[in-house]
Amino acid sequence: MSMRTVDWAALRPRGQEPASEGLRERKKRLMRQQLSDTATEMFLERGFDAVRVAEVAQACGVSEKTVFNYFPTKESLLLDLGEATMDSLRRTLTDPGLPPVEAVQAILARELEGITSWLAAQADTAEAKALLMRFGMLIRSTPSLRAYQRDMSDRLVAAAAGILAERTGANPDDPEPQIAATALLGLWPVQFQALRRHLGRDLAPDRLHRTITADVARAARLIGEGLNTFGPTGETARAERTG
């Protein structure tokens, strides 16, 4: 099984490209995907620190500069899902008709669907699960990748706090949007940990999806109860500060 069959970066299944995508955009997307998939394969085979960006470029038939035109850092070659999550937050969390917890659950559901759909398409599900577990182990065992994840998490929290503040009339630096954003982004580790825990079980992809989703829903219910008190309270908060 080649890692190049896995689209780590995209939230949508293969074959569902944007309808408005032009030829140039498609070429850029496919090149980005090739670079990420090739790098992921090489990192898993030899270790993250043992592979140079120049080697990834050579394997893809491009220059090292071209790689950095698509990915600002070596770490982002492997962990570029955060940028897709950022885009999803900006699209989904801004919907005033969708409660914040439900918006985040919708994003997580799409990301999980990408994983379990890929698993279901593999001839050897056990081997595919082992591959995903190796991917997680690579991240946990590499300090620079863990640091990159923390930095991306901080960026996502900041973006979510800004969106929530806009929705409620608060200041992004107020404690309410800050803690709300931190709690909402905490659902990602819940999903990752549930995936890690349940991948080792003998579960079919559809049941794996339901089991992980149930774990996330339990955490989301707890967060939702607290966020029920966080609404358009900007005027009240300002009055409390100045009173």
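Tabulated results
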{"read-out": "Test: residue in the stretch 161-172 that is closer than 30 Å to ALA204 by Cα and of a type in the set (Ser, Thr, Tyr)", "value": "no"}
{"read-out": "Residues being charged (D, E, K, R) and surrounded by 14 or more Cβ atoms within 10 Å (Cβ to Cβ) - total across the stretch 52-63", "value": "1"}
{"read-out": "Residue list for the stretch 22-51, filter: buried (at least 16 other Cβ atoms within 10 Å of the Cβ), charged (D, E, K, R) and within 15 Å of LEU138 (Cα to Cα)", "value": "ASP37, GLU41"}
{"read-out": "Odd one out for THR236, checked against (1) modelled with pLDDT under 90; (2) in contact with a helix residue (DSSP H, G or I) (Cβ under 7 Å, 6 or more places away or on another chain); (3) in a helix (DSSP H, G or I); (4) farther than 18 Å from ALA106 by Cβ", "value": "(2)"}
{"read-out": "Residue among ALA109, ALA128 that is surrounded by 18 or more Cβ atoms within 10 Å (Cβ to Cβ), part of a helix (DSSP H, G or I), in contact with a helix residue (DSSP H, G or I) (Cβ under 9 Å, 6 or more places away or on another chain) and in contact (Cβ under 8 Å) with a residue 24 or more places away in the chain", "value": "ALA128"}
{"read-out": "Long-range neighbours under 7 Å by Cβ, at least six apart or interchain, first residue closer than 20 Å to GLU45 by Cβ within the stretch 138-153, second modelled with pLDDT of 95 or more and among the aromatic types (Phe, Trp, Tyr)", "value": "LEU138/PHE43; LEU138/PHE48; THR142/PHE48; LEU145/PHE48"}
{"read-out": "Count of the stretch 115-137 residues which are among the β-branched types (Val, Ile, Thr) and farther than 20 Å from TRP188 by Cα", "value": "1"}
{"read-out": "Whichever residue in the stretch 87-106 is surrounded by fewer than 18 Cβ atoms within 10 Å (Cβ to Cβ) and among the hydrophobic types (A, V, I, L, M, F, W, C) and, among such residues, is farthest from ASN228 (Cα to Cα)", "value": "ALA106"}
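The values are calculated or read from the model by the stated rules, or taken from the named source; none is laboratory data. Note that the structure is a prediction, hence the values are computed from the model and not measured. Note: ideal-geometry Cβ built from the backbone for every residue, glycine included; neighbour counts use all protein chains shown.
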